[in-house]
Structures are given as C-alpha cells and as structure tokens.
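A.B. asks: Here it is, the structure, as structure tokens.
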Amino acid sequence: MKKTKIIRISTSRFDRIQNRDPKEALIQYKDSRIRYAMVILQLENRKPISIVQIDYGYLLFDSEGRIDPDFLDGYC
C-alpha cells in the first residue's frame, strides 16, 4: 500500500495550478491522480476558531506535472 502524506499548498498556488499557469507545475505528481482537500477556517487573533468550508476531490496530472486539460474539461 502506498503511503500518503499531506502537502500544504497556498491558495494562490493552488489557483495557479488549477488555471494551468505555464510557470506552475507539481513535477512530483506527474502522470498521477491525487486527492486534495481545501479547508477554509475562520480565524480570531490568527488562531482557527471554526471550519467555514471543506472542499475535496481528485486532480489528474499530466506528464509535465500540470493538471490534465481533458480532466479539467469534465471538472469545471
């Protein structure tokens, strides 16, 4: 069984990856399907006090470490 680990990615980088910015790639995930979770928290004094929203799903990466455009067509 393959080990899983959590990798933290900023919202701005995730947006660039989703929008297929030519300067953004996750080479370590080339030719892979990965699970993702995006958690939006409410903060008070920079401390989390509640969960506002949770989104999750799968992303399919191509041979260059970018989201596969065919996958995005069905995703959006």
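The values are calculated or read from the model by the stated rules, or taken from the named source; none is laboratory data. A quick note: this is a predicted structure, and the numbers were derived from the prediction, not measured. Ideal geometry is used to build each Cβ from the backbone, glycine not excepted, and the neighbour counts take in all protein chains shown.
A.B. asks: Do any residues in the stretch 17-28 that are without any contact (Cβ under 8 Å) to a residue 60 or more places away in the chain have Cβ atoms under 6 Å from those of residues that are among the β-branched types (V, I, T), where the two are at least six apart or on different chains, and which pairs are they?
C.D. replies: From residues that are without any contact (Cβ under 8 Å) to a residue 60 or more places away in the chain, the pairs are E24/I17.
A.B. asks: Has the stretch 29-40 got at least one residue that is within 14 Å of the chain's Cα centre (by Cα), touching a residue at least 12 places away in the same chain (Cβ under 8 Å), assigned to a loop (DSSP other than H, G, I, E, B) and closer than 19 Å to D68 by Cα?
C.D. replies: First, the residues of the stretch 29-40 that are within 14 Å of the chain's Cα centre (by Cα): 29-30, 32-40.
The next check asks that each one be touching a residue at least 12 places away in the same chain (Cβ under 8 Å); those that pass are 29-30, 32-40.
This time we only want the ones that are assigned to a loop (DSSP other than H, G, I, E, B), so: 30, 32.
Keeping just the survivors that are closer than 19 Å to D68 by Cα gives 30, 32.
For the stretch 29-40, residues within 14 Å of the chain's Cα centre (by Cα), touching a residue at least 12 places away in the same chain (Cβ under 8 Å), assigned to a loop (DSSP other than H, G, I, E, B) and closer than 19 Å to D68 by Cα: present.
A.B. asks: Another question about this same structure. Return the total of residues in the stretch 41-63 being outside any strand (DSSP E or B) and not acidic (D, E).
C.D. replies: Qualifying residue count for the region: 3.
A.B. asks: Could you say which residue among F71, F61 is at pLDDT 90 or above and not small (G, A, S)?
C.D. replies: Matching residue, one of F71, F61: F61.
A.B. asks: Kindly indicate the residue of the stretch 1-32 that is of a type in the set (S, T, Y) and exposed (fewer than 12 other Cβ atoms within 10 Å of the Cβ) and also modelled with the highest pLDDT among those meeting that condition.
C.D. replies: Only one residue fits best here, namely S12.
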